[in-house]
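Enquirer: Below: one structure in structure tokens.
The values are calculated or read from the model by the stated rules, or taken from the named source; none is laboratory data. Remember, it's a predicted structure, so these values are computed and weren't measured experimentally. Cβ placement follows ideal geometry from the backbone for every residue including glycine, while neighbour counts extend to all protein chains displayed. Surface accessibility is based on the protein's heavy atoms, side chains included, excluding ligands, DNA and RNA. Shrake-Rupley method; radii C 1.70, N 1.55, O 1.52, S 1.80 Å.
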Amino acid sequence: MPEIPSRRAVLAAAGSLALLFSTTPGTVDALPDLSPGGWPAAAAPGPAQVTACAPPGGGGLNAGIPTASRFARSHGTVTALTLFIDFPGSEARVSTEERFAEFFPATRQYFATSSHGRLDYRPEPVHRWLRMSQPFESYGIDRGVGWHPADPDGYNRLVREIAEAVRDEVDFSAHDLVNVLAAPHAGPSAVEKVLSVSFPGRPLLHTPTGPVQNISFIWSRQPGDSPHRVLVHENGHAFGLPDLYWTAPGEAPLLAGHWDVMEQDWGPSNDFLAWHKWKMEWLTPDQVDCVAGPGVTEHLLSPGGEPGGTKLVAIRTGRHEVLTAEVRARSELDRMVCRPGVLLTRVNTAVSTGEGPARVIDSTPDSGGCQSLPDPQVTAELTDAPFLPGETFRDREAGVRVDVLEAKDDGSHRVRITHD
């Protein structure tokens, strides 16, 4: 299989594009008031013993809990207005029904499976091609082109033309987010340049029926066995999730790898980290164990792909830092898991999108991974990251020790947390 220039590879060469997916550039939310212990006061919904392990984030896209209300709702019934655009000289060669079928019902089923039914995602398509006024090249769309309201071209021009084209048939206030599917051959192939992008967390344009906001553009076609996941990734931004791949200057470190679709959304299927599922309110408070202070506790974690049971242990280690534990095993969405076990991740809610807000801890560093058939779209080194029974992780600086005690026949794992 030829290697595809993934988001990670493209952005490592291009430098930081953090503002591309952020809220208004140049603005940062004020930090919350500090609790007497020096940590931000918990604000997430749920029992106090759980919210103590949910530090909030700052401005833009971040891993903090709760997610700001300016992003789209990520649980319950969510409607996604789905529009189709083509261009003079790049007229659509397929019907809108065919283009729609590349993403649905697969995307809806993905969200239903990953959330165990807590997200009822309903696409609402307008089945006609909206012809833009100029050829694709006239808009200046390229990797790294952001949202600039004063720009007469770019996405500002596209959004205005799209809104005008559906003015008499769409009520924007009736939808939680907007997906724009471009004609597949408009612009470069995705294997040459990744253009798909989202603009979440702020209104881009006001219309008589409400603002256009939390909008995702999908360009070209992605290869692989589940190419619809590019839309899952982009909608993840609409739900307030940050990029987990590296966009900052310098060489990309190991981050989350194929353990979350917000880093790797190409190649074989993968699920979300349990932390992201909690952030999107796909986990109920009784499915999260919080360790916020000293002591020794034991926890029974069930695999993320199975319904029911405790899914996440969150260990508060600092003002914005949390160490998380979850069980990952091969499942409908996690098809490439080759070392089932307890996955540990460092989460820092003060770290911006694209700069490593979530970093998986590798239980077998420098092993090269455990895949029998390596895939260029999977970070091989992290494929065997989970910890197995009898193995221990220590963070002496944070005063935390995690012992994996046993694996049960149903795939659940018992862990002991020692917090100094």
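Enquirer: Do the conditions hold for Asp171, that is, is it buried (at least 16 other Cβ atoms within 10 Å of the Cβ) and charged (D, E, K, R)? Spell out the reasoning first.
Expert: On the way: buried (at least 16 other Cβ atoms within 10 Å of the Cβ): no; charged (D, E, K, R): yes.
Answer is no for this residue.
Enquirer: Can you tell which of Thr383, Thr418 is under 28 Å from the mean Cα position of the chain (by Cα) and not hydrophobic (A, V, I, L, M, F, W, C)?
Expert: None of the other options fit; the residue is Thr383.
Enquirer: Here's another thing I want to ask about it. Give Leu273, Leu300, Leu283, Leu323 a once-over and let me know the one that is open to solvent by less than 10 Å² (accessible area, probe 1.4 Å) and farther than 20 Å from Arg335 by Cβ.
Expert: Leu323
Enquirer: Give region 384-420 a look and list any residue that's outside any strand (DSSP E or B) and hydroxyl-bearing (Ser, Thr, Tyr), or say none.
Expert: The answer is Ser412, and nothing else.
Enquirer: Still on this structure, I have one more. Show the residue pairs that are 6+ apart or on different chains and have beta-carbon atoms under 8 Å apart, the first residue being within region 278-307 and over 26 Å from Ala112 (Cβ atoms) and part of a strand (DSSP E or B), the second being among the small types (Gly, Ala, Ser) and open to solvent by 10 Å² or more (accessible area, probe 1.4 Å).
Expert: Short answer, once both residue conditions are applied: Cys290/Ala52.
Enquirer: Among the residues of region 157-177, which ones are in contact (Cβ under 8 Å) with a residue 12 or more places away in the chain and assigned to a helix (DSSP H, G or I)?
Expert: Arg157, Leu158, Val159, Arg160, Glu161, Ile162, Ala163, Ala165, Phe172, Ser173, Ala174
Enquirer: Do you know which residues across region 181-207 are of a type in the set (A, V, I, L, M) and over 24 Å from the mean Cα position of the chain (by Cα)? Reasoning before the result, please.
Expert: Filtering region 181-207 down to residues of a type in the set (A, V, I, L, M) leaves 181-183, 186, 190-191, 194-195, 197, 204-205.
Selection gives Ala183, Ala186, Leu205.
Enquirer: Please identify the pairs in which a residue from region 190-205 that is at positive phi has its Cβ atom under 8 Å from the Cβ atom of a residue that is charged (D, E, K, R) and open to solvent by 20 Å² or more (accessible area, probe 1.4 Å), counting only partners at least 6 apart or on another chain.
Expert: Taking only residues 6 or more apart or on different chains, the pairs are Gly201/Arg70.
Enquirer: Among the residues of region 240-266, count how many are in a loop (DSSP other than H, G, I, E, B) and surrounded by 24 or more Cβ atoms within 10 Å (Cβ to Cβ).
Expert: So the count comes out to 16.
Enquirer: Condition first: within 19 Å of Val159 (Cα to Cα) and open to solvent by 60 Å² or more (accessible area, probe 1.4 Å). Now tell me which residues in region 71-125 satisfy that.
Expert: Selection gives Glu91, Glu124.
Enquirer: Quick check on region 383-396. Is at least one of its residues touching a helix residue (DSSP H, G or I) at 6+ places or on another chain (Cβ under 8 Å) and either open to solvent by less than 40 Å² (accessible area, probe 1.4 Å) or of a type in the set (Lys, Arg) (or both)?
Expert: Checking region 383-396: at least one residue is touching a helix residue (DSSP H, G or I) at 6+ places or on another chain (Cβ under 8 Å) and either open to solvent by less than 40 Å² (accessible area, probe 1.4 Å) or of a type in the set (Lys, Arg) (or both).
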